[in-house]
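The values are calculated or read from the model by the stated rules, or taken from the named source; none is laboratory data. Computed from a predicted model, the values in this text were never measured in an experiment. Backbone-built Cβ (ideal geometry, glycine too); neighbour counts: all protein chains shown. Please note that ligands, DNA and RNA were not included when accessible areas were found on the heavy atoms of the full protein model with its side chains. Shrake-Rupley method; radii C 1.70, N 1.55, O 1.52, S 1.80 Å.
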Amino acid sequence: MLSDKENFYLKGFLESKILTQNEFDILFCSKDTWFSIDNSGKSNWSISMKDQQNFFWETIEKIKTLFEDEDLFTISDINNYDFSFIKFPPITIDNSEMKKVAFNNPLSKFLDNRNSINFYKASFYGDLIVTNSSFNLSLNFESCIFYGETKFINVAFKKKEVFKNSTFKQSVIFDNVDFDNVTIFKNTIFENDATFRGLSFNEWASFKNIFSYRKLDFTYSRSEDFIDFSNSKINCIDLEHTRFDSASFLNLTAINLDRKQIILNKSNFANKESARLIKAH
C-alpha cells in the first residue's frame, strides 16, 4: 500500500540505488524559484533554471521507463505509472505525449497495457495543458494542487478519472471532452473560473461538495447517467444548453466573492435557464 506521505516506489528506487539522490531530490523539491515573473505578472519558465528543468524531465523519463521495465516489474506487480507527490513545472500533453515546456522533444508515449497514471498529491507549479489526446489509462489527480492554468481540450477519457479533493488556483477549462467512465470531482475547490463546456459524461459523475468561488460554466454539456452537484457551494453557475436528465442539486448553496456563505439568489445564476434547471431537479 502506498504511503500517504511519500512515493513508495521512487523511495524504493532510491534505496536500491536505481535512482541517485540528486534525481530523487529534483522530483520533490519546490519549483517556486524555477520561473520569473514578467511585466504582465505572468510566470515565465522559458529562461529560468533551464538546467534544472532539463534534469527534472530526464529523471521523469527515466522513472517512466523503469515502470515499463518487465525485469523490475511484471504487470501483476505494478500496473500504473506512479508520479505521486512529485512537484511539476509546466506540462503540455498533446496527442497523448507528455512534453517538456520550453524544450522541443517530448517524452516517450505511455503504454496502453498499464492501468493508470497516478498523480496523487502532486503539485503543478506551472500550467497543465492537455490537448488532442485519448487516454486508455485512468488518470488519478486526487488531492493535487494546480497553481497555474489547467486546460483539457479535445480529450477522450476511456477509464475512471479522479480529481477529488484537489485545488485549482487559476482558471480551469475542460472543452470538448468525453468522459466514458466514472468521473469524480468531489470535494474539489475552484478558486477561479471553471469552464466545463461541451462535455459528455457517459457514466455517473460527481461534483458533490465542490467549492466554486467564481463562475462555474457547464454550457452545452450532457450527461447520459446521474450527475451529482449536491451540497456544493457556488458563486455563479451557467447551465444553458445542457442536458442533464438525472441530476441532484440537493442542498446547493451560494458563496460570495469574499467566500462567505449567503442565501442562494438570482445573482448566482448566469441566466434564467440555469435557475429553471436547478429548480426542476
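When the residues of segment 29-57 are narrowed to those that are among the basic types (Lys, Arg) and assigned to a loop (DSSP other than H, G, I, E, B), which ends up surrounded by the most Cβ atoms within 10 Å (Cβ to Cβ)?
Of all residues in segment 29-57, those among the basic types (Lys, Arg) come to 31, 42, 50.
If we keep only those that are assigned to a loop (DSSP other than H, G, I, E, B) as well, we get 31, 42.
Details: LYS31: 21, LYS42: 12.
This residue is LYS31.
Could you say whether any residue in segment 137-160 is acidic (Asp, Glu), crowded, with 19+ Cβ neighbours inside 10 Å, under 17 Å from LEU199 (Cα atoms) and touching a residue at least 12 places away in the same chain (Cβ under 8 Å)? Steps first, please.
Filtering segment 137-160 down to residues acidic (Asp, Glu) leaves 142, 149.
When the remaining residues are screened for being crowded, with 19+ Cβ neighbours inside 10 Å, the result is 142, 149.
Still in the running and under 17 Å from LEU199 (Cα atoms): none.
So far as segment 137-160 goes, no, none of its residues is acidic (Asp, Glu), crowded, with 19+ Cβ neighbours inside 10 Å, under 17 Å from LEU199 (Cα atoms) and touching a residue at least 12 places away in the same chain (Cβ under 8 Å).
How many of the residues in segment 233-263 are closer than 22 Å to GLU191 by Cβ, open to solvent by 30 Å² or more (accessible area, probe 1.4 Å) and among the acidic types (Asp, Glu)?
1
Which residue pairs have Cβ atoms closer than 7 Å, lie 6 or more positions apart in sequence or on different chains, and pair a first residue in segment 44-55 that is closer than 18 Å to PHE28 by Cα with a second residue that is in a helix (DSSP H, G or I) and modelled with pLDDT of 85 or more?
Once the first residue is closer than 18 Å to PHE28 by Cα and sits in segment 44-55, its partners that are in a helix (DSSP H, G or I) and modelled with pLDDT of 85 or more give GLN52/ILE26; PHE55/ILE26.
Say whether the condition of being among the aromatic types (Phe, Trp, Tyr) and either in a strand (DSSP E or B) or within 18 Å of the chain's Cα centre (by Cα) (or both) is met by at least one residue in segment 235-251.
Step one: list which residues in segment 235-251 are among the aromatic types (Phe, Trp, Tyr), which gives 244, 249.
Going one step further and asking which of them are either in a strand (DSSP E or B) or within 18 Å of the chain's Cα centre (by Cα) (or both), we end up with 244.
Yes.
When residues of segment 248-281 are filtered for being among the acidic types (Asp, Glu) and touching a Lys or Arg at 6+ places or on another chain (Cβ under 9 Å), how many remain?
Quick first cut of segment 248-281, residues among the acidic types (Asp, Glu) only: 258, 273.
Narrowing the set further to residues that are touching a Lys or Arg at 6+ places or on another chain (Cβ under 9 Å) leaves none.
Total satisfying the criteria: 0.
Among (1) open to solvent by 20 Å² or more (accessible area, probe 1.4 Å); (2) touching a Ser or Thr at 6+ places or on another chain (Cβ under 8 Å); (3) not β-branched (Val, Ile, Thr), where does ASP217 come up short?
Here ASP217 clears every test but (1).
Quick check on this structure: which one of LEU216, LEU139 is under 12 Å from the mean Cα position of the chain (by Cα) and in a strand (DSSP E or B)? It would help to see each step written out before you state the result.
Details: LEU216 fails: under 12 Å from the mean Cα position of the chain (by Cα).
On inspection, the qualifying residue turns out to be LEU139.
Looking at TYR125, is it in contact with a helix residue (DSSP H, G or I) (Cβ under 8 Å, 6 or more places away or on another chain), under 27 Å from LYS186 (Cβ atoms) and modelled with pLDDT of 85 or more? Show your work before the answer.
On the way: in contact with a helix residue (DSSP H, G or I) (Cβ under 8 Å, 6 or more places away or on another chain): no; under 27 Å from LYS186 (Cβ atoms): yes; modelled with pLDDT of 85 or more: yes.
No; evaluated as a whole, the condition is false for this residue.
Please indicate, with yes or no, whether at least one residue in segment 264-277 is in contact with a helix residue (DSSP H, G or I) (Cβ under 8 Å, 6 or more places away or on another chain) and either surrounded by 21 or more Cβ atoms within 10 Å (Cβ to Cβ) or among the hydroxyl-bearing types (Ser, Thr, Tyr) (or both). Can you show your working first?
Taking segment 264-277 first, the residues in contact with a helix residue (DSSP H, G or I) (Cβ under 8 Å, 6 or more places away or on another chain) are 266, 269, 275.
Within this subset, residues satisfying the condition of being either surrounded by 21 or more Cβ atoms within 10 Å (Cβ to Cβ) or among the hydroxyl-bearing types (Ser, Thr, Tyr) (or both) are 269.
There is at least one residue in segment 264-277 that is in contact with a helix residue (DSSP H, G or I) (Cβ under 8 Å, 6 or more places away or on another chain) and either surrounded by 21 or more Cβ atoms within 10 Å (Cβ to Cβ) or among the hydroxyl-bearing types (Ser, Thr, Tyr) (or both).
Take the conditions under 25 Å from the mean Cα position of the chain (by Cα), at pLDDT below 95 and of a type in the set (A, V, I, L, M) and apply them to LEU264. Does it pass? Let's see the steps before the verdict.
On the way: under 25 Å from the mean Cα position of the chain (by Cα): no; at pLDDT below 95: yes; of a type in the set (A, V, I, L, M): yes.
No; evaluated as a whole, the condition is false for this residue.
Within segment 87-108, which residues are open to solvent by 50 Å² or more (accessible area, probe 1.4 Å), at pLDDT 75 or above and assigned to a loop (DSSP other than H, G, I, E, B)?
Listed by number, the list holds a single entry, ASN95.
Has segment 74-84 got any residue that is modelled with pLDDT of 90 or more, assigned to a loop (DSSP other than H, G, I, E, B) and surrounded by 12 or more Cβ atoms within 10 Å (Cβ to Cβ)?
Yes, segment 74-84 contains at least one residue that is modelled with pLDDT of 90 or more, assigned to a loop (DSSP other than H, G, I, E, B) and surrounded by 12 or more Cβ atoms within 10 Å (Cβ to Cβ).
Please find, among ILE26, ILE60, ILE18, the residue that is under 21 Å from the mean Cα position of the chain (by Cα), of a type in the set (A, V, I, L, M, F, W, C) and either in a loop (DSSP other than H, G, I, E, B) or on the phi < 0 side of the Ramachandran plot (or both). Walk me through how you get there before you give the answer.
Working: ILE26 fails: under 21 Å from the mean Cα position of the chain (by Cα); ILE18 fails: under 21 Å from the mean Cα position of the chain (by Cα).
So the residue among ILE26, ILE60, ILE18 that is under 21 Å from the mean Cα position of the chain (by Cα), of a type in the set (A, V, I, L, M, F, W, C) and either in a loop (DSSP other than H, G, I, E, B) or on the phi < 0 side of the Ramachandran plot (or both) is ILE60.
Hey, SER230 hits all of (1) closer than 19 Å to VAL162 by Cα; (2) in contact with a Lys or Arg (Cβ under 6 Å, 6 or more places away or on another chain); (3) open to solvent by 20 Å² or more (accessible area, probe 1.4 Å) but one; which does it fall short on?
(3)
Enumerate the pairs (first residue in segment 260-281 and free of Cβ contacts under 8 Å to residues at least 12 places away in the same chain; second residue anywhere and in a helix (DSSP H, G or I) and surrounded by 14 or more Cβ atoms within 10 Å (Cβ to Cβ)) with beta-carbon separation below 7 Å, excluding pairs fewer than 6 apart on the same chain, so at least 6 apart or on different chains.
LYS266/ALA275
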